[in-house]
There are 2 protein chains.
Amino acid sequence: MHKADIIYAFEEQAGRKFVERVWGKVPTFAVVIGNTETAKIPGVSAAGAVPEITDFTPAADVELLHYGRCKCIDGVPVTPTGIPTPGIITMSALQLCPMPQFAINGGVRVRPHTPYFEIEGTPGGDIRTGKALEDPERVYANALLLGREMAKNNECLVVGESIAGGTTTALAALLAMGYDGQGKVSSSFIDNPHSLKTQIALEGLANAPYSKEEMRADPLKAVQAVGDPMMPAAAGLVAGAAESIPVIMAGGTQMAAVMAMVKGLSPDSLGNLALGTTKWIVQDKSSDVRGIVKQIGPVPILAADLDFGPSQHEGLKIYEQGLVKEGVGAGGISVATFLSSRGKIGKNEMLDAVQRNYVQLMSIMRK
Amino acid sequence: MHKADIIYAFEEQAGRKFVERVWGKVPTFAVVIGNTETAKIPGVSAAGAVPEITDFTPAADVELLHYGRCKCIDGVPVTPTGIPTPGIITMSALQLCPMPQFAINGGVRVRPHTPYFEIEGTPGGDIRTGKALEDPERVYANALLLGREMAKNNECLVVGESIAGGTTTALAALLAMGYDGQGKVSSSFIDNPHSLKTQIALEGLANAPYSKEEMRADPLKAVQAVGDPMMPAAAGLVAGAAESIPVIMAGGTQMAAVMAMVKGLSPDSLGNLALGTTKWIVQDKSSDVRGIVKQIGPVPILAADLDFGPSQHEGLKIYEQGLVKEGVGAGGISVATFLSSRGKIGKNEMLDAVQRNYVQLMSIMRK
C-alpha cells in the first residue's frame, strides 16, 4: 500500500489505482490562464485586492511560478484582506519536485512576461450577457492538439488554472450543461456568496443565444454562452493528454466543470483522470465538489492533506478557516509531488517550503 | 559502431560520440519561426512564390507539420518555380518517428493556426537599416527559460527554423559577431546571390547603432542591428536545453549563425551540440558550412544522407541539383529520426514517405 499525505475523498478504489499508476513518475505541470469580465462584478472574486486588478492575477501567478517573483505587478496577488495567492503553494511544490512547467493562454487581458502557449484564446466577457466566449471550439481544438503533443513524452500531466471569478462561471457552465451545481461551487471567500453567483449564472443562461437542449448537448455551446476562457483550453488539454496518459486535473469545483466538458466532448478520456485538490476544498461545508463529480462519473478525487494550522504566520493559518482554499493547481500539484516523491515529500515538507517562500515574498512586498 | 544513413561532415570523432548519446532516444522537435522584412528585397529569398508571400511561409510550414496541410494559405509554400517547402521532409520524418513537436514564435507577422509558444518576439525589420530587432535580450531570456523547461523531461531536443530571407541575415549576423561569413552562407536558389547578400549585410552594418567592438562582444547587439527574430529565440532555446541535454541544431548556415550566438552567450552549452543538416548543404559548392562552424568551435556536423535522385517527381529530383537544400529543420530531424530508430529508418524510408506526401499535397494544390 502506497503511503502519502493524501485523502481519498471520492471513489477510493479508483483513486488507489490511479496512485499506483503515477507513483514515482515525474509529471509535467501545465497552468491554464484566462480573464473574464465576470470577475469584476463586486463580490464575485477574492483573487485580487480590488476587482479591477484581477486581470493581472493569472499573469502574475505564472511569473511567480517561473521566477519566484511577479513582474507585471509589485509583490504578489493578494485577496482584499491581504492573503497571498495559492500560487505560493504551487511554487513550493515546483521547488520540492522539479518538473517542467508550461503556461497556456486560454484568453487573458494581461500577458505574463514568461514563455507561454498561445492557442488563439481571447478574454471572456461578463457571463450575464449570455455571450461569454468568442470561439471556444477553435481553442478546444488547439488545446486538444497540444494535449496530445504533451502526452508523447510525459508519463503524467497535471493541469491547473488561474482565473479570477472562475467559480461563478463554473456554476453557470455546470447549469448550462445540465448539472446541478447550485450551492455546490466553492469560493475564495470564507463566506461563499452563493446567491450572488446563482443570480449571475441565471441571468447569463436567460440571455444565452442557445436553447437549454443545445447547451446540454454541446459543452462548447454552453461555455460560449456562460463559461470562461480557461474552460475550453483546459478541457482540450486534459482530453488530448488523457487519450494516452494519466492526467491530474488540479483544482476544485472549477476543474469539476472542466471535467463535465471532457465528459461531453471526449468521454473515453474520463478513465485516465483524477481530480487533485486540497483538503480545504473536500472539507468545505459551503461547497460540494463530490456532489458535482458524482454527477459526471466515477472519477477519483485525491486531496492533498495540507495543514497550515501549525504555521506561525496568520496569512497561512487562515487557510485552515477556509480562505482562498485552492487555485493555480495548488492541490493537484501537491498531490503530484507527494506521489512523485513516493511519499517522501508530505504535508510537513510542504509547510516548511510554503513558509520559507511566504516570508521571502512578504519581505519583498514590504520594501 | 552504429550504422545509419549519416555523413560525418565535420569533427567526426565528436560526431560519433554525439550519435552514441542519442542513439535510440526519442527526441522532441521545436521549430522557431520568424519574419524579416529583409526577405522582401527582390532576389533574396526563394521561400515563397513572390517576396510578399514569404510572411506566410513560416506559419504555413508549422500548420503543415501539425495537420498535414496548411490553413493560412492554399496549398503549401513553394519556391518561385513551384518547388514545395522542405517542410515536406520534416513532416515525413515526424510521421516515421512520432515525437512531440512545438512551434515557437520568434517574431512573425502571420501566426499559425496551431498551438505555439509566445516568447515576446516581434517581426524583424529590413537589416539594411541597422535596426533589425526590437528586444532580442528579452526574447533570448524567455527562450533560455523555455529551453531549460523543455530539457527537464526530454532526452534530446531538435531545434529547427522557418524564416524566409534567413541566410542573408545569417551572413550579416556572422559578420557583426566577427566571423568570416562572406561567400559561405547557403541559398535556397541554385545560383547563390552572394554579392546581393553581402551588399545588404554591409549596408546594415554601416547603419548599425553599435560599434564593431560592441557587436563582437555581445551577440545580442549584433542581432539587434542586423539579425532576424528567429536567431535570439533559437539561441536561447538551444543554450537553455544544452545546459543539460544533447541538442541537434537542425539547419544549415542559418543555424551556424545561431551557434555563434550560443558560443558568445553560453559557451558551456557548446559541448552538448551537433549541427544536423542535409547532404545538399554539406556538399554545396556555393556555400561553406564547415568553414563557418570551424571558426566557432569543434561542434560536429551530422548530415542526413538523403537522396532524391531516384524519385520520379521532378519537384523532388531537383533537390539533387541544389534547389531549396534545407529548411524547417529538415536535415536535423532526418538525422534525429535515423538515430532514434537505431538506423532502421534511412534514406529509402524517407524518400518513400516524402514521395507519398508530395503526391498527396500536389493533388490538393491542383484542386
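The values are calculated or read from the model by the stated rules, or taken from the named source; none is laboratory data. This one's a predicted model, so the numbers in the text were calculated from it and none came from an experiment. Glycine gets a Cβ as well: all are built from the backbone with ideal geometry, and neighbour counts include every protein chain shown.
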### Scan of region B:35-56 for residues that are under 16 Å from residue B:323 (Cβ atoms), at pLDDT 90 or above and surrounded by fewer than 24 Cβ atoms within 10 Å (Cβ to Cβ), ordered by number
B:43
### Task
Would you mind finding the one in A:142, A:153 that is within 14 Å of another protein chain (Cβ to nearest Cβ) and more than 20 Å from residue A:259 (Cα to Cα)?
A:153
## Note on the structure
Selection from region B:167-187 of residues crowded, with 24+ Cβ neighbours inside 10 Å and in a helix (DSSP H, G or I) yields B:167, B:168, B:169, B:170, B:171, B:172, B:173, B:174, B:176
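Answer with yes or no whether residue A:302 is in a strand (DSSP E or B) and in contact (Cβ under 8 Å) with a residue 60 or more places away in the chain.
On the way: in a strand (DSSP E or B): yes; in contact (Cβ under 8 Å) with a residue 60 or more places away in the chain: yes.
Yes, satisfied.
Looking at A:77, A:86 in this structure, which one is without any contact (Cβ under 8 Å) to a residue 40 or more places away in the chain and more than 14 Å from chain B (Cβ to nearest Cβ)? Before the answer, list the steps.
Working: A:86 fails: without any contact (Cβ under 8 Å) to a residue 40 or more places away in the chain.
From the options A:77, A:86, the qualifying one is A:77.
For the structure I just gave you, tell me whether residue A:59 is within 13 Å of chain B (Cβ to nearest Cβ), of a type outside the set (Val, Ile, Thr) and closer than 30 Å to residue A:321 by Cβ. Break it down into steps so the answer makes sense when it comes.
Numbers: within 13 Å of chain B (Cβ to nearest Cβ): yes; of a type outside the set (Val, Ile, Thr): yes; closer than 30 Å to residue A:321 by Cβ: yes.
Spelling it out, residue A:59 is indeed within 13 Å of chain B (Cβ to nearest Cβ), of a type outside the set (Val, Ile, Thr) and closer than 30 Å to residue A:321 by Cβ.
Of everything in region A:135-157 that's among the hydrophobic types (A, V, I, L, M, F, W, C) and part of a helix (DSSP H, G or I), which residue is surrounded by the fewest Cβ atoms within 10 Å (Cβ to Cβ)?
Applying the filter and picking the extreme gives A:145.
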#### Entry: Selected residue [among the hydrophobic types (A, V, I, L, M, F, W, C), farther than 17 Å from residue B:358 by Cβ and out of contact with any Asp or Glu (no Cβ under 9 Å at 6 or more places or on another chain)] from B:293, B:282, B:299
B:282
### Query
Name the helices (runs of 4 or more DSSP H) wholly within region B:188-290 that hold at least 3 residues that are among the polar types (S, T, N, Q) and surrounded by fewer than 19 Cβ atoms within 10 Å (Cβ to Cβ)?
B:194-207
### residue B:168 being of a type in the set (Ser, Thr, Tyr), without any contact (Cβ under 8 Å) to a residue 40 or more places away in the chain and away from chain A (no Cβ under 14 Å)
no
### Task
Report yes if some residue within region A:122-138 is at pLDDT below 95 and within 30 Å of residue A:71 (Cβ to Cβ); otherwise report no.
no
### Query
Of the numbered conditions (1) part of a helix (DSSP H, G or I); (2) touching a His at 6+ places or on another chain (Cβ under 9 Å), residue B:71 satisfies every one except a single condition; which is it?
(1)
### Task
Would you point out the residue of region A:1-25, among those that are over 26 Å from residue A:295 (Cα atoms) and either modelled with pLDDT under 95 or in a helix (DSSP H, G or I) (or both), that is farthest from the other protein chains (Cβ to nearest Cβ)?
A:1
### Message
The conditions are (1) within 13 Å of residue B:32 (Cα to Cα); (2) within 14 Å of chain A (Cβ to nearest Cβ); (3) out of contact with any Pro (no Cβ under 7 Å at 6 or more places or on another chain); (4) assigned to a helix (DSSP H, G or I), and residue B:94 fails exactly one of them. Which is it?
### Response
(1)
### Query
What pairs come up if the first residue lies in region B:1-16 and is closer than 14 Å to residue B:297 by Cβ, the second is of a type in the set (A, V, I, L, M), and their beta carbons are under 6 Å apart, counting only those six or more places apart or on different chains?
B:10/B:293; B:10/B:301; B:15/B:302
#### Entry: Residue satisfying condition, being modelled with pLDDT under 95 and of a type outside the set (Ser, Thr, Tyr), within set B:115, B:98
B:98
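Just checking, which of A:289, A:324 is aliphatic (A, V, I, L, M) and on the phi > 0 side of the Ramachandran plot? Lay out the reasoning, then the answer.
Values: A:289 fails: on the phi > 0 side of the Ramachandran plot.
Of the residues listed, the single one that is aliphatic (A, V, I, L, M) and on the phi > 0 side of the Ramachandran plot is A:324.
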#### Entry: Selection count where residues are more than 19 Å from residue B:169 (Cβ to Cβ) and facing chain A (nearest Cβ under 9 Å), scope region B:98-137
13
### Query
Does residue B:103 satisfy being part of a helix (DSSP H, G or I) and small (Gly, Ala, Ser)?
no
